[in-house]
Amino acid sequence: TLGDALVLAALQVVRGDESSHKYQSGETVIVWVNKIGPFHNPQETYTFDSLGLCRDESKELKHKSGGLGGLLTGDHLEDSGIQMSFQTNIENQVFCSMALDSDHIGKLTDAVEQHYWYQMYIDDLPVWGMFGELMAAQGSDGSDGGDEQAFIYTHRDFTISYNHRRIIEINLTTGKPVALQKGKELKFTYSVKWVGTQKKFSKRFDRYLDSGFFEHKIHWFSVFNSVMMVVFLCGLVSLILMRVLRSDYSRYRGDEEDADMDHVGDETGWKLIHGDVFSQPIFLELYASLIGTGYQLATLTFWGILISVIGSLYSIRGSIPTMLLVCYAITSFVSGCTGGSFYKRYGGKFWKNQMALSAVMFPGLVLSVVIILNMIAIVYESQAAISLNALMAVVAFWLFLSSPLLFLGTIIGKNMTEELDFPCRPSKYRRPLPRKQWYTHPLTLAIAGGVLPFGSIFIEMYYAFTSFWNYKFYYVYGFLFLVYCILIIVTVCVTIVCTYFLLNAEDYRWQWTAFLAGGSTAGYVFLYAVYFFFNKTHMYGLMQTAFYFGYTAIFCFGLFILTGTIAYIGTSLFVHKIYYYIKSD
């Protein structure tokens with residue numbers, strides 16, 4: 001009847017679930033179990049069933065998808081079988097029981113010795129618990145037995161805070177340790193206690209944000225120090241270049257009175273190579289592809305940080321990888337436009353080859369590393385292994401969204417750019433390179449160029465590395481955005497100085513030198529990552545080591561392209577500006 005239909009509709013409106021985060025009293029609250037693994041190895045995770053623990057066989061287990069981002073991060077949620085109802089207290093409820101045999105003891109003892117932990121989700125809030133502990137067995141008189149023995153925690157105590165119809169906070173305490181002995185029966189129990197709170201729902205994720213760590217005075221001071229370094233560096237670069245270039249222009253125009261006012265740069269030679277400075281760089285297709293990809297990564301980084309600041313994506317499981325994947329595909333248009341334009345401007349003839357290289361260079365390296373890591377994870381039977389469906393979805397993003405946008409951008413970029421559009425006409429034949437001092441050699445400048453940019457970001461690298469590899473939620477994207485801006489300014493200033501020294505030594509190979517000088521920042525970051533691995537973590541084993549250095553290599557390669565492109569952009573503006581006044585004819 002119509003009345004029954006209205007009643008059912010009203011019940012659908014007021015009923016609670018995880019999507020609305022609202023529950024009625026007595027309504028079922030699902031406890032999801034995600035993964036388990038060694039505490040010191042964040043990426044070495046396994047399914048909760050891998051240890052052969054008992055389950056509630058009477059309840060049908062459900063699975064919950066975390067979307068593409070969740071699959072890429074190794075999240076696979078399934079119903080734990082723990083019975084829990086909203087605002088209903090439970091005391092020492094038996095969950096399941098099992099008898100230990102030799103196989104169980106071996107697996108469980110190994111798990112305890114490696115400090116296994118597990119992760120659960122309740123109403124999209126994560127909660128962690130330790131699996132067991134090595135403890136000294138007690139004798140009959142209550143004294144310690146001396147030798148350590150593996151104990152497993154058999155009781156979970158949930159304390160859940162709620163505000164009206166919403167779950168606000170979850171605390172998990174494990175207890176009742178039982179020694180692992182053959183033939184012994186393990187009886188797993190749990191208790192649930194509901195406590196009212198006045199804390200707002202919008203603030204419920206704040207307890208996971210380690211403000212004492214991320215907002216420490218040292219963090220603020222490091223950012224302030226970087227800002228002051230930027231101000232000093234910009235002032236110093238401006239002062240040097242204005243005085244030196246003014247003297248250079250005076251000599252070039254024959255103004256002896258102005259030339260004698262400053263003896264800085266008496267041996268300048270950058271004006272002598274005006275016919276070669278805009279000549280085509282070697283490996284033009286590769287360089288154009290790097291520049292295009294760098295523009296894409298710079299745009300992706302800007303919008304990625306901005307979206308994270310506005311959207312608080314750290315609180316939504318799997319959202320950040322999904323956002324980065326979609327933004328990367330969309331910004332492929334930027335890569336096509338800038339790479340195609342650069343290639344056409346320097347007289348490139350094989351634009352299809354350049355476009356194909358741009359399409360496969362960065363994604364190809366990332367996919368190759370991921371496949372190798374995935375094979376290692378499969379050998380370990382780890383939950384971190386990415387499923388075939390997830391990999392196919394990523395390939396589909398690249399094939400049907402990223403590649404067409406790259407093609408469209410390349411067509412537009414090359415058609416809107418004039419060939420050899422430079423302030424000075426390139427010479428048909430290049431000048432021979434003169435002998436130079438060691439400190440003006442391109443390799444020396446490239447190595448030295450990354451020192452100051454790395455110095456401006458390395459404190460933030462510590463916070464980012466600690467967050468990613470030590471179970472912390474990184475949320476200070478405002479800091480990250482400021483550091484990103486500082487990195488851009490410092491990189492541009494340093495590479496402009498390096499380029500001036502290079503051109504002054506009559507070496508016209510500024511394009512690759514500027515790119516490598518900016519990109520060398522990534523080399524210092526990788527060296528810092530090696531230091532961090534051996535001195536700040538307790539990781540061990542082939543799988544975790546491979547994942548650490550594999551992900552670090554991907555990050556550093558992307559940073560190399562990003563900072564190299566930033567260096568080229570700033571240096572290109574500088575070179576075009578100083579040669580604008582040179583009459584090449």
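The values are calculated or read from the model by the stated rules, or taken from the named source; none is laboratory data. Source: prediction; values computed, not measured. Here the Cβ is made from the backbone with ideal geometry for all residues, glycine too, and neighbour counts use every protein chain on show. Ligands, DNA and RNA are excluded from the accessible area calculation, which covers all protein heavy atoms including side chains. Shrake-Rupley method; radii C 1.70, N 1.55, O 1.52, S 1.80 Å.
Based on Cα contacts under 8 Å between residues 6+ apart, the range 390-499 shows a relative contact order of 25 percent. How would you classify the range 294-376 from its alpha-carbon gyration tensor, with a ≥ b ≥ c the square roots of the eigenvalues: rounded for a/c under 1.5, else prolate if a/b is greater than b/c, otherwise oblate? Taking the square roots of the gyration eigenvalues as a ≥ b ≥ c, the range 294-376 is oblate. With each label modelled as a point 7 angstrom along the Cα→C-beta vector, the residue 242-residue 470 pair spans 4.4 nm. Each residue of the range 431-447 is assigned a 3J(HN,Hα), and the resulting list reads 6, x, 7, x, 5, 9, 5, 4, 6, 9, 5, x, 5, 5, 5, 5, 5 Hz, derived from the Karplus form 6.51 cos²θ - 1.76 cosθ + 1.60 (θ = phi - 60°), x at Gly and Pro.
For the chain, the Cys residues with no second cysteine's beta carbon closer than 4.7 Å are 234, 327, 337, 424, 485, 493, 498, 556.
Counted residue by residue at 0.36 nm each, then reduced by the alpha carbon distance between them, the extension gain from residue 202 to residue 430 reaches 75.6 nm. Label-to-label distance, residue 181 versus residue 231, with points set 7 angstrom from Cα along the beta-carbon direction: 7.0 nm. A value for Rg and Dmax of the Cα atoms in Å was derived from the coordinates, and within the list (i) 27.6, 90; (ii) 22.7, 70; (iii) 30.3, 102 it appears as (iii).
Applying both filters, DSSP loop and at most 10 other Cβ atoms within 10 Å, to the chymotrypsin sites (Phe, Trp or Tyr not before Pro) of the range 410-508 gives 429. Would you mind checking the tilt of helix 451-469 against the longest principal axis of the Cα atoms of the chain, expressed as 0 to 90 degrees and rounded to 10? Value to nearest ten degrees: 10.
By its C-alpha gyration tensor, with a ≥ b ≥ c as the square roots of the eigenvalues, how is the range 305-440 shaped: rounded for a/c under 1.5, else prolate for a/b larger than b/c, else oblate? Display every interim value, and only then the final one.
Working: a/c = 2.23, a/b = 1.85, b/c = 1.21.
Prolate, since a/c reaches 1.5 and a/b exceeds b/c.
Computed on protein heavy atoms with a 1.4 Å probe, the accessible areas place 124, 507 in the order 124, 507, largest first.
Using the Cα gyration tensor of the range 30-139, with a ≥ b ≥ c the square roots of its eigenvalues, what is the shape: rounded (a/c below 1.5), prolate (a/b larger than b/c) or oblate (neither)? Note, shape of the range 30-139 comes out oblate.
Rounded to the nearest 0.05, what FRET efficiency do residue 195 and residue 315 have when you use their Cβ-Cβ distance and R0 = 25 Å?
Values: r = 22 Å, r/R0 = 0.88.
My answer for the efficiency is 0.70.
Karplus-derived 3J(HN,Hα) values for the range 480-493, using 6.51 cos²θ - 1.76 cosθ + 1.60 with θ = phi - 60°, are 4, 5, 5, 5, 4, 5, 4, 4, 4, 5, 5, 4, 5, 4 Hz; glycine and proline are entered as x. Spatial offset of the range 302-340 relative to the range 409-455 amounts to 30 Å, using the alpha carbon center of each. Skipping prolines and chain starts, which residues have an amide H placed within reach, meaning under 5 Å, of the one on residue 149, given they are 5 or more residues away or on another chain? Long-range HN contacts for residue 149: 135, 136, 137. Only DSSP H runs of four or more residues enter the estimate; each adds -39500 (n - 2.57), and after division by the residues of the chain the mean residue ellipticity at 222 nm equals -17500 deg cm²/dmol.
Mind putting a number on the dipole of the range 429-559 about its Cα centre? Charges go on the C-beta only, +1 for Lys and Arg and -1 for Asp and Glu, and I need it in Debye to the nearest 20.
Dipole magnitude for the range 429-559 comes out near 280 debye.
Placing a pseudo-label 7 Å from each Cα along the Cα-to-Cβ vector at residue 133 and residue 280 gives an inter-label distance of 7.0 nm. Our summary gives the chain a relative contact order of 16 percent, counting only alpha carbon pairs under 8 angstrom and 6 or more residues apart. For the range 278-399, the carbon plus sulfur part of the accessible surface works out to 76%, probe radius 1.4 Å.
Against the longest alpha carbon principal axis of the chain, how many degrees, from 0 to 90 and to the nearest 10, is the axis of helix 217-252 turned? Once rounded, one gets 10 degrees.
Subtracting the Cα-Cα distance of residue 379 and residue 217 from 0.36 nm times their residue separation leaves 53.9 nm of extension gain. For the range 508-515, 3J(HN,Hα) computed residue by residue from phi via the Karplus equation (6.51, -1.76, 1.60; θ = phi - 60°) reads 8, 7, 7, 4, 5, 5, 5, 5 Hz, glycine and proline entered as x. Taking every protein chain into account, the accessible area of the chain amounts to 49 square angstrom per residue (probe 1.4 Å).
Could you compute the FRET efficiency for residue 93 and residue 302, with r as their C-beta to C-beta distance and R0 at 51 Å, rounded to 0.05?
On the way: r = 51 Å, r/R0 = 1.00.
Once the sixth-power term is evaluated, E becomes 0.50.
A 28 angstrom limit on the alpha carbon distance is what I want to check against. Which of 349/428; 62/200; 64/184; 35/536 exceed it? Violating the 28 Å Cα-Cα cut-off are 62/200; 64/184.
Taking 0.36 nm per residue of separation and subtracting the Cα-Cα distance, what length does fully extending residue 65 through residue 534 add?
Taking residue 65 through residue 534 to full extension adds about 165.3 nm, to one decimal.
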